[in-house]
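Structure first, then comments.
Just so it is clear, none of the values below were taken in a lab; they were calculated from the coordinates. All values derive from a computational prediction rather than experimental measurement. All Cβ positions, even for glycine, are placed from backbone atoms using ideal geometry, and neighbour counts span all protein chains on display.
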Amino acid sequence: MYFAATTLTTALLTALTAAAPSTLNTRQSGGDYVSVGNKYSGGGCTPSSLIFADPIFGNGNACQALDRIGGGAPIVSYSTLSVNAGCSVTLYTAPNCGGTAFSAPVGQCVQGSSPFVSTFVKCT
């Protein structure tokens, strides 16, 4: 019985490896990610309210929704983990980079007057 389970597991892993893509494609046209930040459902960027780390794709200089999937938890606080050289992150409390703007420097927790909805990564 042990031999059959081991053989089956090995065969399954081999099949999955063969079916996996050999390279990863960028998720949006325009290149790789320009910034990565942690999104939080509560204030203060606490581990217990972490939604997930989220990359901002493209080359910057475009407004993007923070909840690109739709229907996610409200983003109450945000912490920029990294941003490309020459770029800066701004968060907005309304769609299409409207509402109140909040600068989001790397390593700082940002909390607004209402949940964050969109972002603009400005690159020079």
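The figures follow:
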read-out: Distance between modelled label sites at Lys122 and Ser82, nm, 7 Å Cα→Cβ extension; value: 2.4
read-out: Pairwise label distance in nanometres, Leu50 with Asn96, each label 7 Å out on the Cα-Cβ vector; value: 3.5
read-out: Estimated translational D of region 33-123 in µm²/s (Stokes, Kirkwood radius over Cα pairs; 10 °C; 1.306 mPa s); value: 126
read-out: Distance in nm between pseudo-label sites at Asn59 and Val106 (7 Å out along the Cβ direction from Cα); value: 2.2
